[in-house]
Amino acid sequence: MSNEETNTWSGKKTALSENTLFGMGNPLLDISAVVDKDFLDKFGLKPNDQILAEDKHKALFTEIVKRKKVEYHAGGSTQNSVKIAQWMIQKPHKVATFFGCIGKDHFGEILKKKAEEAHVDAHYYEQNEEPTGTCAACITGDNRSLVANLAAANCYKKEKHLDLDSNWELVEKAKVYYIAGFFLTVSPESILKVAKHASENNKIFCMNLSAPFISQFFREPLMKVMPYVDILFGNETEAATFAKELGFETDEIAEIANKTQNLPKENTKRQRVVVFTQGKDDTVATVECLHYVLSSQSIKEVWGMLRAGIDL
C-alpha cells in the first residue's frame, strides 16, 4: 500500500507519517487458549460470555498460560482499533500511537513486544501498584468466554504520563485522535486535554460510546467531552441508552443520530459525524446535512465517500 491516501473527491494526496493517528485507552494483554468444560466449571464460566474478573478468577490467568497453543495479542478496545488501522495502512510503520497504563511485569513485557510486532508506537505508563491488565479468551468449540482483569489499565495518571513533554509532543504530532468511552472510567481529564487540543487545532477527534453503562453512569464526563467530538461511533443499544439519558424522547436510531449530531460543538469548522451500527442490520450515519442508511453491501463504497470528505 502506498504511503499516500488519495481523496477521491478532490484528488488531493495526504501523506501518511509516523504518529498521525493517536489512541489512548485501557491496554490489555489478550491471552487465548482452547480449554475444556472442566476448566470452565472450575472458574464458574459460561461457554459464551464476557465478564470482569473476580477474586475467584485470579488463578485462571496462571492456569490458562499453561495450556497448549496459547496465543498472545495486544488488546483492549482502543489499542485494538489503532492496531487494526496500522494493519490496514501497512507502511509506514508507527502511523498509530497508543498511550495506556501497564504493570512492570512479565505480561507487560509480552504486551510491549506484541504492540511492537503490530508496528504500533506504544508508549505505556508503567507502574508497580497493579499488574498488567489481561483478558483471557477461553475457547471451547465455536464458543468464547472472555474474562477481563483491568488491573493496571485503571491506573493511568495524566500528570505522570500525558503531561510529560516527550509524550505531549506525540499528541501534538497527531492529526486524528480516537479514544473509546471506556477510558472515561479511568482518566476523563486526559481525554479532555487531548480533545481540546484537537478542537483548537482543527484536528479530528473521534470517540466511541463503548457500552450502555458509560452513558448511564459516566454521563457527566462524557458530556464534557462531547462538544469536542468530531466523529462519534456506537451501536444501537449504546445509542438508545445515550438518547434515554439525554431525554431525546425517541427510539428511532436515525433520529437519535440526527439529534446527537446537533448537540453543541466547539469547533464549528467540522460538523459532527455520527455513525451507529446495528449488527447485521443497516448502519446509520449522518454527514453534514445528509443522512445515510448503509447496508453491508454499500458500507465500503460510502465509507470511501465519508473518508474523502474528511480533510486531514
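Computed values, structure above
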quantity: Strands (runs of 3 or more DSSP E) within region 71-153 that include 2 or more residues within 20 Å of SER210 (Cβ to Cβ); calculated: 71-75, 96-103, 134-140, 143-149
quantity: Residue, nearest to the chain's Cα centre (by Cα), within region 82-92, restricted to residues that are among the aliphatic types (A, V, I, L, M) and surrounded by 18 or more Cβ atoms within 10 Å (Cβ to Cβ); calculated: VAL82
quantity: Residue in region 146-163 that is of a type outside the set (D, E, K, R), within 24 Å of GLU266 (Cβ to Cβ) and without any contact (Cβ under 8 Å) to a residue 40 or more places away in the chain present; calculated: no
quantity: Single unsatisfied condition, GLU126 versus (1) farther than 21 Å from THR78 by Cβ; (2) of a type outside the set (A, V, I, L, M, F, W, C); (3) open to solvent by 30 Å² or more (accessible area, probe 1.4 Å); (4) in contact with a Lys or Arg (Cβ under 9 Å, 6 or more places away or on another chain); calculated: (1)
quantity: Where a residue in region 250-277 is free of Cβ contacts under 8 Å to residues at least 60 places away in the same chain and part of a loop (DSSP other than H, G, I, E, B) and its partner, wherever it lies, is acidic (Asp, Glu) and open to solvent by 20 Å² or more (accessible area, probe 1.4 Å), with Cβ under 7 Å and at least six apart; calculated: GLN271/GLU288
quantity: Matching residues in region 105-118 - criterion: being open to solvent by 70 Å² or more (accessible area, probe 1.4 Å) and touching a helix residue (DSSP H, G or I) at 6+ places or on another chain (Cβ under 9 Å); calculated: none
quantity: Pairs where the first residue, in region 89-111, is of a type in the set (D, E, K, R) and the second is in a strand (DSSP E or B) and open to solvent by 10 Å² or more (accessible area, probe 1.4 Å), C-beta under 8 Å, 6+ apart; calculated: LYS94/ASP121; LYS104/GLU126; LYS104/GLN127
quantity: ALA152, sole failed condition from (1) within 24 Å of ILE31 (Cα to Cα); (2) at pLDDT below 95; calculated: (2)
quantity: Selection within region 158-168 - in a loop (DSSP other than H, G, I, E, B) and open to solvent by 70 Å² or more (accessible area, probe 1.4 Å); calculated: LEU164
quantity: Flag for VAL95 being among the β-branched types (Val, Ile, Thr), open to solvent by less than 20 Å² (accessible area, probe 1.4 Å) and closer than 20 Å to GLU71 by Cβ; calculated: no
quantity: Region 46-61 residues that are closer than 13 Å to ILE139 by Cα, paired with ones that are charged (D, E, K, R) (beta carbon under 7 Å, 6 or more apart); calculated: ASN48/ARG144
quantity: Residue ID - nearest to GLY76 (Cα to Cα), chosen from residues in region 179-237 that are surrounded by fewer than 24 Cβ atoms within 10 Å (Cβ to Cβ) and among the aromatic types (Phe, Trp, Tyr); calculated: PHE182
quantity: Residues being over 15 Å from PHE183 (Cα atoms) and either in contact with an Asp or Glu (Cβ under 9 Å, 6 or more places away or on another chain) or open to solvent by less than 50 Å² (accessible area, probe 1.4 Å) (or both) - total across region 66-81; calculated: 5
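The values are calculated or read from the model by the stated rules, or taken from the named source; none is laboratory data. Treat the numbers as computed from the prediction; the structure is a model and nothing was measured. So basically every Cβ, Gly included, is an ideal-geometry build from the backbone, and we count neighbours across all protein chains shown. Protein only, heavy atoms only, side chains kept; ligands, DNA and RNA dropped before computing areas. Shrake-Rupley method; radii C 1.70, N 1.55, O 1.52, S 1.80 Å.
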